[in-house]
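**Q** Sharing a structure, written as C-alpha cells. Questions coming.
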Amino acid sequence: GAVVSQHPSRVICKSGTSVKIECRSLDFQATTMFWYRQFPKQSLMLMATSNEGSKATYEQGVEKDKFLINHASLTLSTLTVTSAHPEDSSFYICSARDGRDRAGDTQYFGPGTRLTVL
Amino acid sequence: DAKTTQPTSMDCAEGRAANLPCNHSTISGNEYVYWYRQIHSQGPQYIIHGLKNNETNEMASLIITEDRKSSTLILPHATLRDTAVYYCIVSPGTYKYIFGTGTRLKVLA
C-alpha cells in the first residue's frame, strides 16, 4: 500500500514552454501533497504544500506564478512549470501524506520527474 | 533549517549491520523521527518512524534514546542494494518535512 506515482518520469522541453507534472496517490486519499525540487548532489528542497480544495502554500523564494499547483481531488495534484527556462531544469518529486497511519501521518514519495529545459 | 545532523558518509561491509546515527537535540515532544532513503535518481523511500519507543519493521530497526535527542537506524544485514542516501527527519507529522543533507551509505562487497 501507500503508492504514489508521477507522470511523466522525464520530460525535455524548449525554453519558454510550460510543463505539467502529475502526482497521484494510488491506494489512499491524500488531503495534503507536497512538491520538492532536487538539484544534482543536493538534498530535497520543499517548494510548496498542496491541500485538496484550497490554494497551495509556497515556501519562501518559490514563485507561485511560475510554479502553479492544483490539488483538485484527494488523489491528484499537478505542478505546472510555466515559461520554463534552463535554470528550472531539476528533479521534481511529490509526496502525499497518508492520514490513515496509526500515528505520525507518514509521507510517501513519488518516483520523481526529471525536467530538462533546452 | 533542518533540525537533524547526520554524518556525511559511512561505509559498511555487506552482511554486517549498518548503524546510522542522527542527532536531533532540539526535538519537540510532539515530533516524530522519520527515516527515508534515496537511491540515485529515485524518490525517497519510507523506512520507519517512531515517537518515543524503539520500532522494528521488515526493513530496519529504529532506536531512540530516552531523552529523544538522538536516534540510530539499524539495517541488520546490509546488502549492496542498501547503498543510498539516508535521511533522518523530525516533524510533528501534520507538518512539512525539512530535509537535511543525509548520510551517504556505501555497502561494500
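**Q** Would the stretch A:5-23 turn up any residue that is modelled with pLDDT under 95 and within 20 Å of A:Asp98 (Cα to Cα)? Steps first, answer last, please.
**A** Initially, the stretch A:5-23 is screened for residues modelled with pLDDT under 95, giving none.
Scanning the stretch A:5-23 turns up no residue that is modelled with pLDDT under 95 and within 20 Å of A:Asp98 (Cα to Cα).
**Q** While we're here: Residues that are within 14 Å of chain B (Cβ to nearest Cβ): which strands (runs of 3 or more DSSP E) entirely in the stretch A:58-112 hold 3 or more of them? Break it down stepwise before answering.
**A** Numbers: elements: A:67-73, A:76-81, A:90-97, A:107-109.
Qualifying strands (runs of 3 or more DSSP E): A:90-97, A:107-109.
**Q** Of all residues in the stretch B:97-109, count the ones that are in a strand (DSSP E or B), more than 14 Å from chain A (Cβ to nearest Cβ) and either of a type in the set (S, T, N, Q) or more than 13 Å from the chain's Cα centre (by Cα) (or both). Spell out how you get there, then give the answer.
**A** So the first thing to find is which residues in the stretch B:97-109 are in a strand (DSSP E or B), and the list is B:103-108.
With more than 14 Å from chain A (Cβ to nearest Cβ) added as a condition, the list becomes B:105-108.
Filter once more, so that each one left must be either of a type in the set (S, T, N, Q) or more than 13 Å from the chain's Cα centre (by Cα) (or both): B:106-108.
Number satisfying all stated conditions: 3.
**Q** Please work out which residue is surrounded by the fewest Cβ atoms within 10 Å (Cβ to Cβ), limiting yourself to the stretch B:73-91 and to residues that are of a type in the set (Ser, Thr, Tyr) and either touching a helix residue (DSSP H, G or I) at 6+ places or on another chain (Cβ under 7 Å) or at pLDDT 95 or above (or both).
**A** Here is the first cut: in the stretch B:73-91, the ones of a type in the set (Ser, Thr, Tyr) are B:79, B:83, B:86-87, B:91.
Remaining after also requiring either touching a helix residue (DSSP H, G or I) at 6+ places or on another chain (Cβ under 7 Å) or at pLDDT 95 or above (or both): B:79, B:83, B:86-87.
Details: B:Thr79: 13, B:Thr83: 19, B:Tyr86: 24, B:Tyr87: 25.
Here the residue is B:Thr79.
This table checks each residue for (1) among the acidic types (Asp, Glu); (2) without any contact (Cβ under 8 Å) to a residue 40 or more places away in the chain; (3) exposed (fewer than 13 other Cβ atoms within 10 Å of the Cβ).
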{"position": "B:Ala2", "(1), (2), (3)": "no, no, no"}
{"position": "B:Met10", "(1), (2), (3)": "no, no, no"}
{"position": "B:Leu20", "(1), (2), (3)": "no, no, no"}
{"position": "B:Thr26", "(1), (2), (3)": "no, yes, yes"}
{"position": "B:Gly29", "(1), (2), (3)": "no, yes, yes"}
{"position": "B:Trp35", "(1), (2), (3)": "no, no, no"}
{"position": "B:Gln38", "(1), (2), (3)": "no, no, no"}
{"position": "B:Gln45", "(1), (2), (3)": "no, yes, no"}
{"position": "B:Ser71", "(1), (2), (3)": "no, no, no"}
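**Q** May I ask you to list the residues in the stretch B:76-96 that are in a loop (DSSP other than H, G, I, E, B) and touching a Leu at 6+ places or on another chain (Cβ under 7 Å)?
**A** B:Thr83, B:Lys96
**Q** Follow-up question, since we're still on this one. Only residues that are within 7 Å of chain A (Cβ to nearest Cβ) and under 16 Å from B:Gly50 (Cα atoms): list them for the stretch B:84-96, please.
**A** Taking the stretch B:84-96 as the starting set, the residues that turn out to be within 7 Å of chain A (Cβ to nearest Cβ) are B:93-94, B:96.
Matches in the stretch B:84-96: B:Gly93, B:Thr94.
**Q** Considering the stretch A:73-99 alone, what residues qualify as being surrounded by 22 or more Cβ atoms within 10 Å (Cβ to Cβ) and of a type in the set (S, T, N, Q)?
**A** Of everything in the stretch A:73-99, those that are surrounded by 22 or more Cβ atoms within 10 Å (Cβ to Cβ) and of a type in the set (S, T, N, Q) turn out to be A:Ser77, A:Ser95.
**Q** Being aliphatic (A, V, I, L, M), at pLDDT below 95 and either assigned to a loop (DSSP other than H, G, I, E, B) or buried (at least 19 other Cβ atoms within 10 Å of the Cβ) (or both) narrows it down to one of A:Met47, A:Met33, so name that one.
**A** A:Met33
**Q** Got at least one residue in the stretch B:51-61 being buried (at least 18 other Cβ atoms within 10 Å of the Cβ), of a type outside the set (Asp, Glu), more than 11 Å from the chain's Cα centre (by Cα) and closer than 17 Å to B:Cys22 by Cα?
**A** no
The values are calculated or read from the model by the stated rules, or taken from the named source; none is laboratory data. Predicted, not measured: the structure shown is a model, and the values here were computed from it. Neighbour counts run over all protein chains shown; Cβ positions are idealised from the backbone, glycine included.
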